[in-house]
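Colleague: Can you read through this structure? Questions will come right after.
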């Protein structure tokens, strides 16, 4: 199964809404493990932010969708390394599945463009 690679976002006024980003790479591959998948997802979000002239400091809200809360410590490790203080508000949801069964995480974001 080839994963769908999508990097969708919508700017509405001074706000950028980044749709849920998945760990599929541009060639449709999905790296194994929560550590690698979280890095891929954050890289994709960072590219979308940069396309609108903003970065992590402008991100106001992140929502994390995890297939298994046992991966939370691994995900936190990446987030603590990547996201500057003060970190955005966040919501974490454990889900029974994502669009591709290989996906362990999906993240969406809301950023201030103003």
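The values are calculated or read from the model by the stated rules, or taken from the named source; none is laboratory data. The model shown is predicted, which means the values in this text are computed figures rather than measured ones. No Cβ is skipped: glycine too gets one built from the backbone with ideal geometry, and neighbour counts run over all protein chains shown.
Colleague: Taking interchain pairs and intrachain pairs at least six residues apart, which have beta carbon atoms under 8 angstrom, with the first residue in segment 24-39 and on the phi > 0 side of the Ramachandran plot and the second modelled with pLDDT of 95 or more and in a helix (DSSP H, G or I)?
Modeller: As it stands, the answer is 33/74, since those pairs meet every condition given.
Results for (1) in contact with a strand residue (DSSP E or B) (Cβ under 7 Å, 6 or more places away or on another chain); (2) over 21 Å from residue 95 (Cα atoms); (3) crowded, with 16+ Cβ neighbours inside 10 Å, shown as yes or no for each residue.
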{"site": "40", "(1), (2), (3)": "no, no, yes"}
{"site": "47", "(1), (2), (3)": "no, yes, no"}
{"site": "51", "(1), (2), (3)": "no, yes, no"}
{"site": "64", "(1), (2), (3)": "yes, no, yes"}
{"site": "80", "(1), (2), (3)": "no, yes, no"}
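Colleague: Could I ask something else about it? Do you know which of the residues in segment 1-38 that are at pLDDT 90 or above, touching a helix residue (DSSP H, G or I) at 6+ places or on another chain (Cβ under 9 Å) and part of a loop (DSSP other than H, G, I, E, B) is surrounded by the most Cβ atoms within 10 Å (Cβ to Cβ)?
Modeller: Looking at residues that are at pLDDT 90 or above, touching a helix residue (DSSP H, G or I) at 6+ places or on another chain (Cβ under 9 Å) and part of a loop (DSSP other than H, G, I, E, B), I get 23.
Colleague: Return yes or no: is residue 84 assigned to a loop (DSSP other than H, G, I, E, B) and either over 14 Å from residue 20 (Cα atoms) or touching a strand residue (DSSP E or B) at 6+ places or on another chain (Cβ under 9 Å) (or both)?
Modeller: Spelling it out, residue 84 is indeed assigned to a loop (DSSP other than H, G, I, E, B) and either over 14 Å from residue 20 (Cα atoms) or touching a strand residue (DSSP E or B) at 6+ places or on another chain (Cβ under 9 Å) (or both).
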